[in-house]
Structures are given as C-alpha cells and as structure tokens.
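Colleague: Attaching a single structure in structure tokens format; questions to follow.
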Amino acid sequence: NALADAVKDATEEQIASQRDKAVVDGRRMWEDIISKWRRADILIDEELVCAMGRLLLIGMRPRDWDDVLSLVEQTMDIPRQIPRLGTSTRSSSHIPRVRASNSPDSLKDSPSDDGYEPVALRAGGEFNTLKTSTNFTGNSKKSSMVYVRPGNNTLSLILEACLKTLAKQPAAEYWALLTDLTTHAVKPDLDNLTMNLRLLRQSRSSADALKLLRDEFGDIGAALPHKVFRIAMAACVRDKKNPNVMQYANELLDLMQNKLEDPDTKTLVQYLELALSSDSGAVILRALKRVQPSVASLRSLVTYGSVAQHQSTHSTYVPASQTSVSRNTRDDVHLLFRTMIGAYDRLLNKGEVMREEYGHYHQLRSKLAAFVTRMDERTAKREEKGDTPRWDKERRTERRKESRQLRHFWRNDVRRKKKEEGTWIEKRPEGRKTDKRDFNREEHSVKRETKETLGQVRMSTRQTNERIADLEPVT
C-alpha cells in the first residue's frame, strides 16, 4: 500500500520518489522489529518477512533488490549464495553488472564497480545477520529467537530478487537448497515454476526452459495457463543463435498442443517469428506446416467461440457474437494469420518452394488472406455503425440501461394516452407489487372476466338440473 495515495497523473520522478520514501520508512521500521525479535519480545512469520521483501523489490536502487537476500539470511538462516553488492568479492565474481536504467538521475549516487549504490545505506545494519555473543563462561551462544520457516512465498521472493540482480546461477543454488527434501523441502507451486521460467528466459536458456516445463509442470495437476508457454517460447526466441533452438521450439509446440484445448496464438506468433529470424526457407516451411493444422481450430474459435465455453454452457455451437470471445483473442488471431501470410509471401517470392507445390501454398495463402479480409470488413462495419461489441461489458451495460429507460418511457406514454381515452383499467393481480405490463392488460382482464362468467353459468345450470332430477317422481 505504499503507492496507494499516489496521484494517477503523477510523473515518473514523483512515483520514484514516493517509492524511495516508502523503502526508507520500511527500513527504519524493520530495524525496530528486528531489535524486538532478537530480544524475543515478538515472533515474526513468513508473511511479514516477504512483505518487507516485496517492499524492497519496488525500490529503484539495485541495493534494495540485493538486500532481499540479506533479509532472508537474517530471518531464516539461509546463507547468501551471492556476495553482497558493493563488496570486492562481488566485483571479482562473474555475475553481470546490475544497472538501474529506469531510476531517475536524482536517485542515483556515484557508480561503484558493480552498479549504483546509495552511500547513505551502505553503512546501515537493518539486514545484518545475528552475530554470536560470548557469555561469562566463554561459550558462544545466540539469542533465544526462532527463525522463520521458508515456504513458496519465500522461494518466489528470492527468485524475483535474483531476476532483478541478473543472478541466474545463485537462483539455481537457492532453488536446489530450498526444494531439497533434506533441508527445507519446499514443494514448488505454479508461481515458483513460472518465476523460474522467467529467469531462464532472461538468461536465454531455452533447453533448461523446455526441461523445466516438461519435467516439473506435469506434477502440478492443474491446467497450465497460456503464459507458461509464452515465457518458454520467448526463451527460445532470445536464444535464436543456438543451432538447436528450433528443435526445442518444436518440442515446446508439441507440449502446448497436448496440454491446451485451444492453441495459444501468441505462442504460435513467437514460433513463426523465431523461424523467420533463421533466414532459412526450409525452416520457415517446416514451421508453417506445424502451424497450419491450428488454422482450422483458430478460425472456429473466432467464428463460433471456445470449445470449453460451449461444453459448459451450450450443447451445440452458436455464433461467436453470442459468446465471450475477447477482442484481444481476435487481434491475436489476426496477427498470427498476417504473420503466416508474410511467411508464405517470402517463400513464394524468393522461389524457396518446389515448383510443383507452388499452387498448393499459394492456395493456402489465399484462404488466409480472404479470412483476414472478412475480419477487417466486419470490424470496419461495426465501427461505422457504432455497434457495441459483445465483449465490451461496460458499453453493453450502458446500452441495456438506455433500453430499459426507453421501455419505461414508452410504457408511461401508453398508460397516459389510454387514461385520456378512458380505456385504462387499473387492476393489478394479487401479490404483484409493480405493473410492468399495464399497457396491454385490458385484453387479459376481459378474457378473465368472461371465463369467470361462463363458469358461474355452468355451475348454476348444473345445480338447476340436479334439483329437477330430485323433484321427478320415482317410477
């Protein structure tokens, strides 16, 4: 809640200044918390430690991000797997230099050997580890305090700090230490695995990303989100100079097709962009053949909606205008088809396909172009008419509200005219509080009165016949 009171139209420097102030206030508060914890006056838990760590991560200085690891060491007795920022050991290590490119110049101090470091905080001891003290007998002992037990939240916090400080190898060491059954036995969840994927994407480790997705994500049991495959494919895109990267991308595509009912269009776009970056006609052609089977399902997705939605709400397909296909999904499919058309144009224009297959690929390209043209025409017609898209909930709610107001105005106008003509019948059914259809109840009232009258006539006739039968003599 550090930025809850920030003004929406504040400048970047103002937001950065507020973040820095929140971090400084948090450091001062943490110094008081730790002093009470060391005296065994209070107990701290993982939630409190991770809250302080998240506060440090929103800071604009690399020292704030590095202090997250010191915070974990201080409260959980987990040793740092990377030297402190600003030390000579850190400078001589092979870890890349941390740069705070998004920090304003007003928050940057003089650059040190390994990045910007605030001089005012360099001598601070908020996150120093507890030193052993010696009693009068000469035995070393520690204060009577209980260390916090790490969990999934701590693992995500450490991985995010390593992501900001470009520390891939220390992140792997932290992962092995926390997930080891003989030490902390933390079972990674979906958030932990996703953060680990982001680290592998940053370090261009496409093979490790594929291995993690294939081996670790299968034990979760829940449906995998689309972002998992996007992050893994982005790792392959960043590792495009690897000669085996297309093999990893193909295996990743197989995993996605087996795990997801509807293919993720953004992942397919990244896959095609990776193939186009190879500048090889054979690679591009194989990539198009891999993506082409998904075209039919994506066209059905745009036209009829998602399969999962229909299985839960409809027994048969209905038009996509009556389903909740988002506008972003349509835009992603449009971008994918445009990318495929560009890939086909490159192959056909440079003559990188066999002459016998030229007509086949030209036909596939023409079908995609025709479908994209129809999508553009529908979008243009909606914008020209001002129709409200089905996926725009706010505008749809406003249109419904306007329709209710118009119906209410029309109903009152009909009531007023019938009252002036003397044909209005003010009669309401029992148990009804409001009259929403009083303007056409006159006909129903007449029919109801006629039925009641006929019923009374039938009843009186039946009673009369019974009396006549009683008066007749018995022969």
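The values are calculated or read from the model by the stated rules, or taken from the named source; none is laboratory data. Bear in mind the structure is a predicted one, so any value in this text is a computation, not a measurement. FYI the Cβ positions are ideal-geometry reconstructions off the backbone, even for glycines, and counts take in every protein chain you see. Surface accessibility is based on the protein's heavy atoms, side chains included, excluding ligands, DNA and RNA. Shrake-Rupley method; radii C 1.70, N 1.55, O 1.52, S 1.80 Å.
Colleague: Of Lys227/Lys266; Lys240/Lys350; Lys240/Lys367; Lys289/Lys367; Lys164/Lys211; Lys211/Lys289, which sit over 20 Å apart, Cα to Cα?
Modeller: On the way: Lys227/Lys266 9 Å; Lys240/Lys350 23 Å; Lys240/Lys367 30 Å; Lys289/Lys367 15 Å; Lys164/Lys211 23 Å; Lys211/Lys289 24 Å.
With Cα atoms farther than 20 Å apart: Lys240/Lys350; Lys240/Lys367; Lys164/Lys211; Lys211/Lys289.
Colleague: On a full-extension model of 0.36 nm per residue, what is the gain between Arg415 and Ser278, subtracting their alpha-carbon distance, rounded to one decimal in nm?
Modeller: Gain on stretching Arg415 to Ser278: 42.0 nm.
Colleague: On to the next question. Under a plain spin-label model, where a point goes 7 Å from the Cα along Cα-to-Cβ, how far apart in nm are Lys240 and Leu335?
Modeller: That separation, rounded to one decimal, is 1.5 nm.
Colleague: Give the calculated FRET efficiency between Leu364 and Thr179 to the nearest 0.05, with a Förster radius of 51 Å applied to their Cβ-Cβ distance.
Modeller: Values: r = 47 Å, r/R0 = 0.92.
Using R0 = 51 Å, I get an efficiency of 0.65.
Colleague: Further question on the same structure: Sticking with the crude label model, points 7 Å out along Cα→Cβ, report the distance from Gln247 to Lys227 in nm, one decimal please.
Modeller: In this crude spin-label approximation the distance works out to 3.2 nm.
Colleague: About the Cα centre, and with charges only on the beta carbon of Lys, Arg (+1) and Asp, Glu (-1), how big is the dipole of the stretch 235-294? Nearest 20 debye, please. Could you put the intermediate results ahead of the total?
Modeller: On the way: 8 positive and 8 negative charges, 39 e Å.
Computed about the Cα centre, the dipole is about 180 debye.
Colleague: State, to one decimal in nm, how far the label point of Glu377 lies from the label point of Glu452, with both points 7 Å from Cα in the Cβ direction.
Modeller: Placing both labels 7 Å beyond Cα along the Cβ direction yields 6.0 nm.
Colleague: Sticking with this one: Provide the solvent-accessible area of Met340, counting protein heavy atoms only and rolling a 1.4 Å probe, rounded to the nearest 10 Å².
Modeller: About 0 Å², ignoring ligands and nucleic acids.
Colleague: Taking R0 as 41 Å, what FRET efficiency do you get between Ile58 and Glu216 from their Cβ-Cβ distance, rounded to the nearest 0.05? Spell out each step's value before the answer.
Modeller: On the way: r = 28 Å, r/R0 = 0.69.
Working from the Cβ atoms, E equals 0.90.
Colleague: Taking the convex hull of the alpha carbon atoms in the stretch 139-279, what volume per residue do you get, in Å³?
Modeller: Working: hull volume 18.5 nm³, N = 141.
It is 131 Å³ per residue.
Colleague: Then there's this: Show me, for the stretch 174-183, the HN-Hα J-couplings you get by feeding each phi into the Karplus relation (A = 6.51, B = -1.76, C = 1.60, θ = phi - 60°), rounded to Hz, glycine and proline as x.
Modeller: 4, 4, 5, 5, 7, 8, 5, 5, 8, 10
Colleague: Still on this model: Local charge sum around Tyr361 (other residues, Cβ-Cβ under 14 Å, Lys/Arg +1, Asp/Glu -1)?
Modeller: Within the 14 Å Cβ shell, the charges total +3.
Colleague: Additional query: Counting Lys and Arg as +1 and Asp and Glu as -1, what is the net charge of the other residues whose Cβ lies under 9 Å from the Cβ of Glu126? Provide the component values of the computation, followed by the final result.
Modeller: Working: positive: Arg27, Arg28; negative: Glu31, Asp67.
Once positives and negatives cancel, what remains is 0.
Colleague: Relative to the present Cα-Cα distance, how much length would full extension add between Thr129 and Leu348 at 0.36 nm per residue of separation?
Modeller: 72.3 nm is the gain from fully extending Thr129 to Leu348.
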